[in-house]
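Remarks on the structure that follows.
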2 protein chains.
Amino acid sequence: MLGPVNRVERKRGRRVEQILAVAAELFGERGYDAVNLEDVAERLDVTKGSLYYYFAGKEQLATAAIETLGTDWTARLEELAATAEGSAAQRLRTLIRAHVAIAVREYPAALRLFLVPRTWPDALRARITEMRRRHDQVFRAVLVEGLESGEFAVVATASTLQAMHAAMSQAPLWCADLPVDEQDRAFDELADTLMKLVSPVP
Amino acid sequence: MLGPVNRVERKRGRRVEQILAVAAELFGERGYDAVNLEDVAERLDVTKGSLYYYFAGKEQLATAAIETLGTDWTARLEELAATAEGSAAQRLRTLIRAHVAIAVREYPAALRLFLVPRTWPDALRARITEMRRRHDQVFRAVLVEGLESGEFAVVATASTLQAMHAAMSQAPLWCADLPVDEQDRAFDELADTLMKLVSPVP
DNA sequence: CCCTCTGTTGACTCGCGGGTCAAACTTTGC
DNA sequence: GCAAAGTTTGACCCGCGAGTCAACAGAGGG
């Protein structure tokens, strides 16, 4: 039997989800150290102490929150990869755009997750690494496909993926402050630019 | 009259340099919050209180340290750009390699300076932005040159530079732990990969 | 209406790290 | 050799934020 058994457990489950949603947002925005539990509690119109009823501590809360964030993000990427139509190039471009859009619009500082994992407690590092591995996996699959079909040409798969990932993760920093319509143009430009990494040369 | 006038001031100047060297290393490695002044002091075989004789506070110390780090790094890039021989492509590749090597070998976590500037106090943000602007300037110059001579083709100058910068800054994260000889191969691969961003397509 | 179980509170402890300062020590100039 | 200036120390203050906990609601259930 999956899921909560009775009304009480369901209620608790919903509460946990609310907390995780807020926590994911804050940890995604600010990183680990810069989030304090009072802030999380305040956003839930609740007191800090109450969080400890659901989670053993900051680290556990952050771990669960990252899990949530990661699962959501990964799921969307994977679904997109599964449903996207067209050539490998078209699909890769779609993925890049979507990934950048999620990063910028929803987790504007989630790059911290990937870029400075050393500041996170050990337990979290593993989750973050795993999350990144799964993201990479989605991109790698399309990349390999395009390579095998001869549609793409790359110097080295590893550094191509690294470069792509770096550029995408960093996007929030330089286009978070742009107005929305310019953001869209920036996403397109970045996607086109990154496609050059896989384009064949004469 | 430039420079310190008497022996006392020279001595003080040297002490300040020692402190800044250590501070630049630590701030470059760990970011702002994660550095505490006790650590800085300990590395200098000195007490925390003593730092306050030379600097008004953590923020001022960090500002000066970043200044040092930035000046050194920028100067080396600029000198390399000025002395490098060959086509625009050859020079760009040289710059990329050098930049990555400096990032990985000397300031292994300096990417935090660029990547998460929102965690730094306002005063520091300006310095960091300026440092990055100067780095970009060096690359932009070569890029524009190659474009004008028809050697390069890019989708958009801005996102090309962004992508390059992102990939280079992030390099320390994924190749800091490699043995030195593999690092060199990784640098080469990354440089070759990034050159694709400017390569003309048929 | 009371009893129990689930949640919530707010006042508390505690350690950490930035910042202060008078006193002690060292160097320098005469 | 001594006074003044320069430098270092270590004990101390203070605020912040994580974590604790006894006391206090409500919501059902009998």
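The values are calculated or read from the model by the stated rules, or taken from the named source; none is laboratory data. Keep in mind it's a predicted model, so treat the numbers as computed, not measured. Cβ coordinates were reconstructed from backbone atoms using ideal geometry, including for glycine residues, and neighbour counts include every protein chain displayed.
Side notes on the structure shown:
- Of the residues screened, residue A:13 is one that is over 22 Å from residue A:128 (Cα atoms), away from DNA strand D (no atom under 11 Å from the Cβ), at pLDDT 85 or above and among the small types (Gly, Ala, Ser).
- Residue satisfying all of: in region A:149-167; surrounded by fewer than 24 Cβ atoms within 10 Å (Cβ to Cβ) and of a type in the set (S, T, N, Q); nearest to the other protein chains (Cβ to nearest Cβ) among these: A:162
- Close pairs (6 angstrom Cβ cut-off, 6 or more residues apart or separate chains): more than 14 Å from every other protein chain (Cβ to nearest Cβ) and farther than 16 Å from residue A:21 by Cα in region A:44-56, in a loop (DSSP other than H, G, I, E, B) and near DNA strand C (Cβ under 6 Å from one of its atoms) anywhere: none
- Test result for residue B:35, of a type outside the set (D, E, K, R) and within 14 Å of another protein chain (Cβ to nearest Cβ): yes
- Residue A:89 being hydrophobic (A, V, I, L, M, F, W, C) and within 14 Å of chain B (Cβ to nearest Cβ): yes
- Residue in region A:163-176 that is at pLDDT 95 or above and in contact with a Phe, Trp or Tyr (Cβ under 8 Å, 6 or more places away or on another chain) present: yes
- Of all residues in region B:99-119, none satisfies being closer than 30 Å to residue A:30 by Cβ, of a type in the set (Gly, Ala, Ser), away from DNA strand C (no atom under 16 Å from the Cβ) and surrounded by fewer than 19 Cβ atoms within 10 Å (Cβ to Cβ).
- Complete set of residues in region B:153-182 that are under 26 Å from residue A:129 (Cβ atoms) and either more than 18 Å from the chain's Cα centre (by Cα) or of a type in the set (Lys, Arg) (or both): B:177, B:178, B:179, B:180, B:181, B:182
- Residue under evaluation residue B:180, criteria (1) free of Cβ contacts under 8 Å to residues at least 60 places away in the same chain; (2) at the interface with chain A (Cβ under 10 Å from one of its Cβ atoms), criterion not met: (2)
- Helices (runs of 4 or more DSSP H) wholly inside region A:31-143 that include at least 1 residues being within 16 Å of DNA strand D (Cβ to nearest atom) and over 23 Å from residue B:176 (Cα atoms): A:37-43, A:48-54, A:58-83
- Residue B:130 vs. criteria more than 11 Å from every other protein chain (Cβ to nearest Cβ) and either over 23 Å from residue B:71 (Cβ atoms) or without any contact (Cβ under 8 Å) to a residue 24 or more places away in the chain (or both): no
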